[in-house]
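See structure below.
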Amino acid sequence: MASSVGQSLVFLAAMMATGHAQSWLAPIENFTPAHSGLRLEQHAEAEKPFTVAGECGAFMGQQNGEFEAWLFPVKILSHMRIQAQVEGYDVPIDVNADAAEIDVEPDHTTITYSHVAFTLRETFFATQCGPDDPTKSATGAMAIFTLDSIRPTTLTFDFTPEVKPMWPAPQFGQADAEWIPLDPHAPNRLTAPGWYMLHTDWPELSAAVAMPGTLPGILAPYQERPKFYQTQLILHYDPKTDRGKAYPLLMAMGRTRQAATNTSLEAALRKENAQALALYRQTADYYEHFFDTRMTVETPDAAFNDDFRWAAISIDQLRVRHGNETGLVAGFYSSGDSARPGFGWFFGRDSLYTTYAINSYGDFTLTRAELEFLIARQRADGKMPHEYSQTADVVDWASTPYEYAAADSTPLFLMAMEDYVDASGDTAFLEKNWPAVDKAWAFERAHDTDGDGIYDNSQGTGWVESWIPKMPHQEIYLALLDEEASGAMARLSERMQKADVANQANERAKSIAAKIPQEYTQQKGMFAFSYNGSEGVDNTATIYPAVAWWDGHASLPQTDEMFQRWASDEFSTDWGTRDVGHHEAIYDPISYHQGSVWPLFTGWTSVAEYRTGHSLSGYAHLMQTANLTTAQDLGSVTELLSGDFFTPFGRSTTHQLWSSAMVVIPAVRGMFGLSLDAGAHAITVDPRLPAQWDHVTLHNLHLGDLLVDLRFERSADGWGVRAEGKDGKSIKLKSTVAGAKVMTSDALEIPTQGVEVGMDFGANGALPLAGARTAMMKVLRQEAGQRSLTLLLEAQADSTQTLFLRQRERRARVTVEGGAVTPEGKLEVRFPSGEGYTQKQVTLRW
């Protein structure tokens, strides 16, 4: 690496000789990132990840500041690290080891490095895509460095030049870095300021990297024996002359012969440098107004309010431009030495589940763009796509096994189309795309290989991609989606006045609903995992039947014992639900499909619990997912975690699309209990709000083209609900809750029980320490009588647990069997002796 004092003198001489102050490659003056009310700040944890992503580029790295940079779909560089040399302080300083703080905000992430001699701030942001052809020289992400030092300091930025198209596109060898001086007549190009051109072995692909005021580092002459050296940018900073300056890391990439030339790349760098502040302000402005028309929630739980907003932002940051289209990718995570940044491809089922969240917070434009993206890739026979790489257009994608590998995208497409039309009222979109809907429906009906009238796994995986002892013939997961998709097709056909199709689809839904309990026979209350024809059923206890309640139109019979097992420590950890019960022979807590915890499964379960009266367990599962927002990749929710210890998988995609969606969907569809019918200007409200809450406001709820503030206030008898339209149009509120009263067309009174119990997630429900096993209390059963409430609880033996208690009738006498009311008005429960979890039934009467 570079030595300090001598190199600094050479650097200063070079700057003076080339008229550095007049160069087009110049530092930024007075850069200060904006600060918003939505902010996550904490001490940096070296091995924890961060992601900064946008439509055209991303940074992925660790909180020690090491990162890789992508201009989609190409990885430009990786392994960026920083060393420092301070004048008169003659030891090399590993700057990354001094990473002290990380500040994550919607528009940027800043890592602060703290040393006794200097403070360095590294601010990352994704630029907004422009209208230009993305195959031309383009940017999509930028990092800006600001330094404050007590003495002259030399920073050395080491990185590996990559210029690797995303897998499975062909790779063109190790990128070769060539230093291009700003002054083409410089007598010694190696001591002249300039920029790096990163060549590949393909003339139609190259990139450029630059930073104002830098010189090149090691550039080995051809005579030297072969050895890999990190490429370096060396910056000398003098506090007397440079304080207040900021140094952007500029990147450009070309994917055509013309765009990949020296001239085109230099022009792109010039434009970026000149517009660096404007590019940041554009991104900051986008997020400053992000929630002007998207829904936010205001509850007594400030942390949950923020988690809800972060979920919407996290989803939005997984929009990726592909030519003139925009689609949702499944997630991002550092690629290491590979050419795939986590699940960086476009995924059908991931995005279709996520549209339920997008519709909930009201970004109908994004849902519509995603549905169009998938429709454009629908197979001729009607099957919907599963995976599509960002570089699918440069390979023979049809010859790969990925695009149509899964069977569930097709029924999910029909369900997602209905949800979009219900929420948006956009029947014109349905009519325009009816041929795609009709083809998907025909495909689903055509692939029943055993004649039982239910879509099966013959056309790809249902949920699991591996299974012991062998892959299933027909999963209950897929059968349930077929039932729900058939119902969705019936209702969509009614909208289109296609009575014959509606009747056919409705009869299919009824037939499947009747057959599932017959074929997927129950064992100890659990429906079978799969039906395998003459081989019988696989009775492995799984979480997959929870999807029966996903769209609010279907269900399963005789489920009390199943919900009790899901809520228990057999399935429920303190950070989410396992997909396989831990008593099963195949259970493996670090497997992908046989025992790990996915926020996705936790979301399915929470929705099902809310819809079936198990609101306490539903709330616990919702909050476990929401709390993951601040557990790893700040602002995002990870893909999967161990089934035994509170630790994400090392390979878990940390900024995962549908994981963040599972903060929004159980909240809106479950806890707030909303169903939208934009065509009728109607909202059905069946709330299951926590006992400890006394108010909720949903700001900017979208009902078609209407914006509504929906307010919940505690009243003498329960909840008062009022809709306040922002444009004067009438709104109709409805409820299916027994005893609910319509006060006016836009106001309801919804009764609650005289006594309510709540789980306090400030005291009892925060996430455990890293590496902990499951230990928190579970609510296994919740039965409400006319003037009674019975709870079956599970907690550690010999422990005492406290629950929130709300008594609507202050003068009523509450008696408790199995617990006691404390002087502070809490419900206290002492659990029996034993080992591990023990159970206690508590009954309250009033």
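If R0 is 22 Å, the Cβ-Cβ spacing of E431 and A499 corresponds to a FRET efficiency of close to 0.85.
Here the label points at A442 and E824, each 7 Å from Cα along the C-beta direction, are separated by 6.6 nm in the simple model. Here, P(r) means the percent of Cα pairs in each 5 Å bin from 0 to the largest distance; for the range 244-374 it is 2, 8, 13, 14, 17, 17, 14, 9, 4, 1, 1, 0.
Going by accessible surface with a 1.4 Å probe and the largest first, R810, R651, R270 read R810, R651, R270. Computed over the range 670-758, the quotient of the alpha carbon radius of gyration and 2.2 N^0.38 Å is 1.04.
Across the range 440-587 the C-alpha pair distances fall into 10 Å bins from zero in the proportions 11, 40, 33, 13, 3, 0 percent. Using only Cα positions of the range 540-615, each an equal point scatterer, no hydration layer, compute I(q)/I(0) via Debye at q = 0.12 Å⁻¹ and quote the log10 values to two decimals. Debye curve over Cα of the range 540-615, log10 I(q)/I(0) at q = 0.12 Å⁻¹: -0.29. Residue-wise HN-Hα couplings along the range 388-399, as the Karplus relation 6.51 cos²θ - 1.76 cosθ + 1.60 with θ = phi - 60° gives them from phi, are 8, 5, 5, 10, 4, 6, 10, 10, 7, 5, 4, 7 Hz; Gly and Pro carry x. Computed on protein heavy atoms with a 1.4 Å probe, the accessible areas place D350, D569 in the order D569, D350, largest first. Distances between placed amide hydrogens fall under 5 Å for R781 paired with L792, all partners being 5 or more residues away or on another chain. Here's how it looks for C129: its modeled amide H is under 5 Å from those of E55, C56, which are all 5 or more places away or on a different chain.
Cross-link partners of K778 among lysines, defined as those whose alpha carbon lies under 18 angstrom from its own and excluding same-chain residues fewer than eight positions apart: K826, K840. Modelled spin-label separation between Q786 and I468, with each label point placed 7 Å from Cα along the Cα-to-Cβ direction: 5.2 nm.
Here the label points at S730 and M743, each 7 Å from Cα along the C-beta direction, are separated by 1.9 nm in the simple model. Full extension of the segment from E809 to Y592, taken as 0.36 nm per residue of separation minus the current Cα-Cα distance, would add 73.2 nm. Global dimensions of the range 27-171 from alpha-carbon coordinates: Rg and Dmax equal 16.1, 50 Å. If every alpha-carbon in the range 117-274 counts as one equal scatterer, what log10 I(q)/I(0) does Debye give at q = 0.12, 0.19 1/Å? Log-scaled intensity ratios, in q order: -0.56, -1.31. For the range 785-792, backbone phi angles converted through the Karplus equation (6.51, -1.76, 1.60; θ = phi - 60°) give residue-by-residue couplings of x, 4, 9, 8, 9, 10, 10, 9 Hz, Gly and Pro being listed as x.
Near F649, the amide H atoms lying under 5 Å from its own belong to L640, L641, S642; only residues 5 or more places off or on other chains count, and H is placed 1.01 Å from N.
Any chance you could tell me what percent of the C-alpha pair distances in the chain go past 34 Å? Roughly 55 percent, once rounded to a whole number.
Only protein heavy atoms count here; under a 1.4 Å probe, T109 has an accessible surface of about 0 Å².
Largest accessible area first, the listed residues S486, S833, S675 line up as S833, S675, S486 when surface is computed with a 1.4 Å probe on the assembled protein chains. Surface composition of the range 131-274: carbon and sulfur make up 54 percent of the accessible area, probe 1.4 Å. Per-atom-type breakdown for the range 61-124 gives carbon and sulfur 46% of the accessible area (1.4 Å probe, protein chains only). What the phi angles of the range 818-835 give under the Karplus curve with 6.51, -1.76 and 1.60, with θ = phi - 60°, is a coupling list of x, x, 8, 8, 7, x, 7, x, 8, 9, 10, 10, 9, 9, x, 6, x, 10 Hz, glycine and proline written as x. In the range 340-465, the inverse of the mean reciprocal separation of distinct Cα atoms equals 15.1 Å; this is its Kirkwood hydrodynamic radius. How many percent of all Cα-Cα pairs in the range 331-379 sit more than 14 Å apart? Counting every Cα pair in the range 331-379, those more than 14 Å apart make up 59 percent. At q = 0.10, 0.11, 0.21 Å⁻¹, what base-10 log of I(q)/I(0) does the Debye formula yield for the range 752-846 when every alpha carbon is treated as an equal point scatterer in vacuo? The Cα Debye sum returns log10 ratios of -0.27, -0.33, -1.08.
With just the Cα atoms defining each centre, how far is the range 616-652 from the range 193-235? Give it in Å. About 41 Å separates the Cα centre of the range 616-652 from the one of the range 193-235. Given their separation in residues at 0.36 nm each and the Cα-Cα distance between them, D201 and A376 gain 59.7 nm when the chain is fully extended. Projected onto planes of every orientation and averaged, the convex hull of the alpha-carbon atoms in the range 724-794 covers 8.4 nm².
Straight Cα distances below 26 angstrom link K726 to the lysines K734, K741, with same-chain residues fewer than 8 positions distant left out.
Just the accessible area for W693, please: 1.4 Å probe, Å², rounded to the nearest 10? My reading of the accessible area for W693 is about 10 Å².
For the range 659-706, the equivalent ellipsoid derived from the Cα gyration tensor has semi-axes of 20, 14, 10 Å, listed largest first.
For S568, the solvent-accessible surface computed with a 1.4 Å probe is close to 10 Å², ligands and nucleic acids excluded.
Taking one quarter of the surface of the convex hull spanned by the alpha-carbon atoms of the range 311-359 gives a direction-averaged projected area of 3.9 nm².
For the range 379-529, the fraction of 1.4 Å probe accessible surface lying on carbon and sulfur atoms is 49 percent. Per residue, the solvent-accessible area of the chain (1.4 Å probe, heavy atoms of protein chains only, all protein chains present) comes to 37 Å². Using the empirical formula 2.2 N^0.38 Å as the baseline, the Cα radius of gyration of the range 224-311 reaches a ratio of 1.77.
The values are calculated or read from the model by the stated rules, or taken from the named source; none is laboratory data. Predicted model, so just to flag it, every value in this text is computed and none were measured. Neighbour counts are summed over all protein chains in view; Cβ atoms, including those assigned to glycine, are modelled from backbone coordinates with ideal geometry. The accessibility values were calculated without ligands, DNA or RNA, using every heavy atom of the protein model including side chains. Shrake-Rupley method; radii C 1.70, N 1.55, O 1.52, S 1.80 Å.
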